[in-house]
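Here is the structure we will look at.
The values are calculated or read from the model by the stated rules, or taken from the named source; none is laboratory data. Everything numeric in this text was worked out from a predicted model, so none of it was measured. Here the Cβ is made from the backbone with ideal geometry for all residues, glycine too, and neighbour counts use every protein chain on show. All accessible areas refer to the heavy atoms of the entire protein, side chains included, with ligands and DNA or RNA removed. Shrake-Rupley method; radii C 1.70, N 1.55, O 1.52, S 1.80 Å.
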Amino acid sequence: MPDTEIIVKDLPAARVVRLTATVESFSPEAISPVLRPLCAELGRRLEGSDAVPAGPLTCYYEKPAGEDDPVVVHAAIPVSGAVARPNGLDAAELPAARAATLVHRGPASGFLDGYQRLARWTDEHGFRADGFPREVYLHTSGDESEWVVELCEPFVEEPR
C-alpha cells in the first residue's frame, strides 16, 4: 500500500438509502462478518423498493465516543429523487466533506492499514479527522483480490 497516493478531495453530499448495524470495534474481524450480510440485504431490499441508485455502494462508520464504545456501521447506496416505497430501508443524508482518500486494491482485510495510513497523513498535515470514514466500492467481484475500494477519511484543519 505505501505506493498508493493519498489525494485530498471534496466528497459531495449524498442522499442515501441504508441499513445499519452495530459492531464492537473498528477492526476488520468485527466489521466484515456484520457488514457483508448487511450489504447483501441492502441489495435485496433495493430490488423491492422504488429507490433509483445514483452511485456505488458506500459503507460508512460513526466513530465511537469512547475507546470501548460500539461502532455504528452503515451500508448505503446513493439515490436520486424521492423514495416512496423504501422496503425497510432508511433514507439519510450523507454530508459533504473534505477528505484524504486512497484507492485500496485487494481484500477488505487490508482496509485497516489504509485507514491507519490516512489517519497518520491527516495528523502529519495538521488536520483532525471529522465526520464519517467512508468506503466507496468502485469494483467488487466474487474474488476480493480484485476489489477496488476508495477509502475516505474526512477531516477539518486544526488551528495552529
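If residue 157 satisfies every condition in (1) farther than 19 Å from residue 39 by Cβ; (2) at pLDDT 95 or above but one, which is the exception?
(2)
Hey, among the residues in the range 128-146 that are open to solvent by less than 50 Å² (accessible area, probe 1.4 Å), at pLDDT below 95 and not hydroxyl-bearing (Ser, Thr, Tyr), which one's farthest from residue 54 (Cα to Cα)?
129
Which members of the range 86-109 meet the condition of being out of contact with any strand residue (DSSP E or B) (no Cβ under 7 Å at 6 or more places or on another chain) and within 19 Å of residue 38 (Cα to Cα)?
Scanning the range 86-109 gives 87, 88, 107, 108, 109.
If you check 92, 108, 99, 119, which single one turns out to be open to solvent by less than 40 Å² (accessible area, probe 1.4 Å) and within 21 Å of residue 9 (Cβ to Cβ)?
The unique qualifying residue is 99.
If we scan the range 23-41, do we find a residue that is basic (Lys, Arg), free of Cβ contacts under 8 Å to residues at least 24 places away in the same chain and closer than 27 Å to residue 116 by Cβ?
The answer is yes, given that some residue of the range 23-41 is basic (Lys, Arg), free of Cβ contacts under 8 Å to residues at least 24 places away in the same chain and closer than 27 Å to residue 116 by Cβ.
What are the pairs with Cβ atoms under 7 angstrom where one residue, in the range 111-133, is more than 17 Å from residue 156 (Cβ to Cβ) and the other, located anywhere, is in a loop (DSSP other than H, G, I, E, B)? Sequence gap at least six, or different chains.
112/27; 113/1; 114/1; 115/133; 117/1
Yes or no: residue 46 open to solvent by 20 Å² or more (accessible area, probe 1.4 Å) and modelled with pLDDT of 95 or more?
Here the answer is yes, as residue 46 does meet what is asked.
Report whether or not residue 118 is farther than 14 Å from residue 58 by Cβ, out of contact with any His (no Cβ under 7 Å at 6 or more places or on another chain), part of a helix (DSSP H, G or I) and at pLDDT 95 or above.
yes
Select from the range 64-108 the residues that are touching a Pro at 6+ places or on another chain (Cβ under 8 Å) and outside any strand (DSSP E or B) and list them in ascending order.
Of everything in the range 64-108, those that are touching a Pro at 6+ places or on another chain (Cβ under 8 Å) and outside any strand (DSSP E or B) turn out to be 64, 70, 96, 108.
Among the residues of the range 10-31, what is the count of those that are surrounded by fewer than 16 Cβ atoms within 10 Å (Cβ to Cβ), modelled with pLDDT of 90 or more and either assigned to a strand (DSSP E or B) or among the polar types (S, T, N, Q) (or both)?
Selection size over the range 10-31: 3.
Does any residue in the range 134-160 that is more than 14 Å from residue 107 (Cα to Cα) and in a helix (DSSP H, G or I) come within less than 8 Å, Cβ to Cβ, of a residue that is among the aliphatic types (A, V, I, L, M) and open to solvent by less than 60 Å² (accessible area, probe 1.4 Å) six or more places away or on a different chain, and which pairs are these?
Final answer for the pair search is none.
Search the range 147-160 for residues being charged (D, E, K, R) and more than 18 Å from the chain's Cα centre (by Cα), and hand back the single one that is most open to solvent (accessible area, probe 1.4 Å).
This residue is 160.
Taking the residues in the range 49-63 that are in a loop (DSSP other than H, G, I, E, B) and touching a Pro at 6+ places or on another chain (Cβ under 6 Å) as candidates, determine which candidate is most open to solvent (accessible area, probe 1.4 Å).
Per the criteria, the residue is 54.
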